[in-house]
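Here's a structure for you.
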């Protein structure tokens, strides 16, 4: 079910790009539209490169102090996706790429990614230890039907061997 939505989204993005590029090319002309797409791609790649260097520096600092660089690793992944979107020609893909590359919009996307993708995945992998949803009251399927009574009074006197 989830795969269908991913495929639909991957097909909808180029369709939206085409449907938006045609009116833009009709309004400003073919050559200015091509120049606009190339210019946004170049500016976007320069932005991704600068943000990547900044993120890599933060990652090195955190690793040197012994902290886990979770946010920096997620930022790196989002910047890789931003670079891919910015290299793809089109206005919609450039808008998505800039949204992933600019820190102001990347922060909420990173938090959503942590909440709805990373934490559920780690919860499934660790049995709930990431979010703290761990069973702490004994064994989950502990029933009273298989209880063995180890009280010596049940078996008779102390000299008896019992059952």
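Of all the residues that make up region 79-95, how many are under 16 Å from the mean Cα position of the chain (by Cα) and either under 19 Å from residue 35 (Cα atoms) or surrounded by 19 or more Cβ atoms within 10 Å (Cβ to Cβ) (or both)?
Total meeting the criteria: 2.
Also, quick follow-up: Just for helices (runs of 4 or more DSSP H) wholly inside region 73-163: which have at least 1 residues that are at pLDDT below 85 and closer than 30 Å to residue 61 by Cβ?
Filter on region 73-163 gives 119-126.
Does residue 6 satisfy being within 22 Å of residue 122 (Cβ to Cβ), modelled with pLDDT under 90 and in a helix (DSSP H, G or I)?
Here the answer is yes, as residue 6 does meet what is asked.
Quick test for you: out of 39, 59, pick the one residue that is closer than 21 Å to residue 104 by Cβ, within 33 Å of the chain's Cα centre (by Cα) and surrounded by 11 or more Cβ atoms within 10 Å (Cβ to Cβ).
Exactly one residue qualifies, and that residue is 59.
Would you call residue 32 over 24 Å from residue 108 (Cβ atoms), over 21 Å from the mean Cα position of the chain (by Cα) and in a helix (DSSP H, G or I)?
yes
Name the single residue that is surrounded by the most Cβ atoms within 10 Å (Cβ to Cβ) among those in region 62-72 being assigned to a helix (DSSP H, G or I) and within 18 Å of the chain's Cα centre (by Cα). Give the steps one after another, and end with the answer.
Let us first name the residues in region 62-72 that are assigned to a helix (DSSP H, G or I), namely 62-65, 70-72.
Then keep just the ones that are within 18 Å of the chain's Cα centre (by Cα); that gives 70-72.
Numbers: 70: 12, 71: 16, 72: 21.
Here the answer is 72.
To keep it simple, each residue is scored yes or no on (1) assigned to a loop (DSSP other than H, G, I, E, B); (2) within 24 Å of residue 119 (Cα to Cα); (3) touching a residue at least 12 places away in the same chain (Cβ under 8 Å).
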residue: 14; (1), (2), (3): no, no, yes
residue: 26; (1), (2), (3): no, no, no
residue: 36; (1), (2), (3): no, no, yes
residue: 46; (1), (2), (3): no, no, no
residue: 59; (1), (2), (3): no, yes, yes
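So, one more: Could you identify the single residue in 73, 79 that is touching a helix residue (DSSP H, G or I) at 6+ places or on another chain (Cβ under 6 Å) and under 22 Å from residue 118 (Cβ atoms)?
79
State which residue pairs qualify: first residue closer than 17 Å to residue 77 by Cβ and inside region 118-133, second residue in a helix (DSSP H, G or I) in any location, beta carbons under 9 Å apart, and separation of 6 or more residues or different chains.
Short answer, once both residue conditions are applied: 118/70; 118/74.
The values are calculated or read from the model by the stated rules, or taken from the named source; none is laboratory data. Please read these numbers as outputs of a predicted model, since none were measured by experiment. Note that we place each Cβ from the backbone using ideal geometry, even for glycine, and neighbour counts take in every protein chain shown.
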